[in-house]
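Okay, structure first, notes after.
The values are calculated or read from the model by the stated rules, or taken from the named source; none is laboratory data. Because the structure is a prediction, the values reported are computed rather than measured. All Cβ positions, even for glycine, are placed from backbone atoms using ideal geometry, and neighbour counts span all protein chains on display. Side chains included, ligands, DNA and RNA excluded: accessible areas come from the protein's heavy atoms. Shrake-Rupley method; radii C 1.70, N 1.55, O 1.52, S 1.80 Å.
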Amino acid sequence: MDLNYTPQEQAFRQEVRQWVQAHLPKDVAYKVQNNLRLSRDDMQGWAKILGKKGWLAYGWPQEFGGPGWTAVERHLFEEECALAGAPRIIPFGPVMVAPVIMAYGNAEQQKRFLPGIASGEVWWSQGYSEPGSGSDLASLKTRAERVGDHYVVNGQKTWTTLGQYGDWIFCLVRTSSEGKPQTGISFLLIDMTSPGVTVRPIKLLDGECEVNEVFFDNVKVPAENLIGEENQGWTYAKHLLSHERTNIADVNRSKRELERLKRIAKQQGLWEDVRFRDEIAKLEVDVLALEMMVLRVLSAVSSGRNPLDIAGLLKIKGSEIQQRYSELLMLAAGPYSLPFIEEAMSAGWQGDFPGGDATMSVLAPTYFNFRKTTIYGGSNEVQRNIVAQTVLG
C-alpha cells in the first residue's frame with residue numbers, strides 16, 4: 001500500500017481545511033476540543049452548515065446528491081473536521097440509514113427521505129437494541145402487524161442514542177415468528193411524532209441523558225415506510241452494520257484526543273515520566289494501525305467487496321483505543337479530573353478548584369461514558385466470535 005497522498009489528494013485536504021476553518025463556529029470548536037457538552041443546536045447547526053455545502057452526505061455517490069468522493073477523500077474530510085474541532089456527524093441519517101435507502105429503498109422512498117438527511121434538517125435515530133436483545137439482536141420482540149395499508153407497531157427499544165432529538169427512527173421489527181429468528185425481521189421507518197411513540201431518557205454515570213428508551217404503543221405506520229421486502233430486514237441490517245462499525249472506530253477523534261493527551265501530559269509535568277510517555281507511544285502506534293484498517297475497509301467498500309468481517313475488527317480496536325485514551329487523559333490530569341458537579345457543569349461553571357479548569361473536570365465523566373464503547377454496536381466479545389468464525393475459520 002502506498003501511504004503517500006497524491007498531489008491531488010493533498011490539494012483536496014487543503015481545500016477542506018480552509019473551508020472548515022472558515023465556517024466552523026469557534027464556540028462549538030472550543031467545546032469539541034475540550035470535550036464540553038454540546039447542545040442539539042451545536043450538533044445540528046454544524047450538520048446544516050455541511051448540508052448547505054453538500055458535504056453532510058460526504059459518503060454518498062453523485063447519483064443520490066453526494067459529492068462522489070473517493071475513499072481517501074472521505075477519510076481526509078473526516079480527519080480535517082476532527083482536527084479542527086468540528087462536532088462528529090451524527091451518523092444515523094447520512095452514514096447509516098441513507099445507504100440502506102439507496103440500496104434497498106424504492107425510487108419514491110429515496111426521493112422522499114434522502115433530501116432531508118442530506119440537508120441536516122431531519123434528525124434520525126436508530127431503533128435496534130431492546131431489553132434482552134442487544135448483541136443477540138435477532139431475538140428482538142418489537143412487533144409490527146400488517147393491517148390493511150399500514151402496520152401496527154408494539155414494543156420497546158432501548159439505548160437509543162440522542163433519541164430525545166429524533167424526528168424519525170429506523171427500526172428492526174418482527175413481522176413473522178416462523179423459521180429462524182433472522183428470517184422474520186423487517187426494516188421500518190417510523191415518524192417519531194406519531195401517536196403512541198414515547199421517548200424516555202436514561203441518565204448515565206456522567207450525568208448525561210445520551211441514550212433513551214423508546215416505547216411503541218399501537219403506533220400506526222404506513223406500509224409505504226417498509227424498506228425492501230417484508231421479513232428481509234436482517235439482510236438490510238447487516239448492510240447497515242458495516243457502516244456503523246466503521247463509524248464506531250472513530251479514528252480521527254482518537255488522533256485529536258491523542259494530541260490533547262500529549263498537551264495535558266506536558267502541562268502537568270508528566271511528559272518527562274518515561275513510563276507514562278511509553279503508554280502514549282503505545283497508544284499512538286495503535287491509533288496509526290487503526291487508521292490503516294479504516295483505509296482498508298473504505299478501499300474494500302469502493303471495490304464492491306464485503307468489509308463486514310474487517311469492520312468487526314475495527315469496532316473492537318477502535319472502542320478499546322477510546323477507552324485507553326480516556327483513561328490516560330484522566331491519569332494525566334490527576335486530581336484535576338475529579339471535580340464533577342453536574343448542575344455546575346450545566347451552568348458552564350466548575351468552581352474554584354485550585355489549578356484546575358472546566359476542560360479537565362469533564363475527563364472523569366468522559367471516562368465513565370466510554371465504558372460503553374466495548375458494548376454497543378455489538379459487544380466486543382460477540383465481535384471476536386464473529387471474526388473467529390468468518391476470518392480465522
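Some observations on this one:
- The range 290-322, subset among the basic types (Lys, Arg) and open to solvent by 50 Å² or more (accessible area, probe 1.4 Å), residue modelled with the highest pLDDT: 317
- Single residue of 118, 103 found to be in contact with a Gly (Cβ under 7 Å, 6 or more places away or on another chain), assigned to a helix (DSSP H, G or I), under 13 Å from residue 60 (Cα atoms) and in contact (Cβ under 8 Å) with a residue 60 or more places away in the chain: 118
- Within the range 268-281, restricting attention to residues that are within 13 Å of residue 331 (Cα to Cα) and aliphatic (A, V, I, L, M), the residue that is least open to solvent (accessible area, probe 1.4 Å) is 280.
- Residues considered: 218, 212, 225. Of these, the only one that is polar (S, T, N, Q), touching a residue at least 12 places away in the same chain (Cβ under 8 Å) and at positive phi is 218.
- Scan the range 126-143 for residues that are open to solvent by less than 30 Å² (accessible area, probe 1.4 Å), under 13 Å from residue 170 (Cα atoms) and either out of contact with any strand residue (DSSP E or B) (no Cβ under 7 Å at 6 or more places or on another chain) or of a type in the set (Gly, Ala, Ser) (or both) and the total you get is 1.
- Some residue of the range 18-35 being in a loop (DSSP other than H, G, I, E, B) and among the small types (Gly, Ala, Ser): no
- Filter pass, residue 287 being at pLDDT below 85, part of a helix (DSSP H, G or I) and either under 30 Å from residue 68 (Cα atoms) or in contact with a helix residue (DSSP H, G or I) (Cβ under 9 Å, 6 or more places away or on another chain) (or both): no
- The set of residues from the range 1-24 being open to solvent by less than 70 Å² (accessible area, probe 1.4 Å), free of Cβ contacts under 8 Å to residues at least 24 places away in the same chain and not hydroxyl-bearing (Ser, Thr, Tyr) comprises just one member, 11.
- Residue match in the range 39-46 (condition: farther than 25 Å from residue 18 by Cβ, at pLDDT 95 or above and part of a loop (DSSP other than H, G, I, E, B)): no
- Residues that are open to solvent by less than 20 Å² (accessible area, probe 1.4 Å) and either among the small types (Gly, Ala, Ser) or under 24 Å from residue 230 (Cβ atoms) (or both) within the range 106-125 comprise 109, 113, 114, 116, 117, 120, 124, 125, listed in sequence order.
- Number of residues in the range 62-89 that are open to solvent by 40 Å² or more (accessible area, probe 1.4 Å), within 20 Å of residue 122 (Cβ to Cβ) and not in a helix (DSSP H, G or I): the value is 2.
- Any hit, the range 251-267, residues being crowded, with 17+ Cβ neighbours inside 10 Å and at positive phi: no
- Applying the criterion of being within 18 Å of residue 312 (Cβ to Cβ), in contact with a helix residue (DSSP H, G or I) (Cβ under 7 Å, 6 or more places away or on another chain) and assigned to a helix (DSSP H, G or I) to the residues of the range 368-383, the residue that is modelled with the highest pLDDT is 380.
- Taking residues in the range 183-200 that are without any contact (Cβ under 8 Å) to a residue 60 or more places away in the chain and open to solvent by less than 50 Å² (accessible area, probe 1.4 Å), and partners anywhere that are in a helix (DSSP H, G or I) and among the aromatic types (Phe, Trp, Tyr), the pairs with Cβ atoms closer than 6 Å and at least 6 places apart or on different chains are 185/234.
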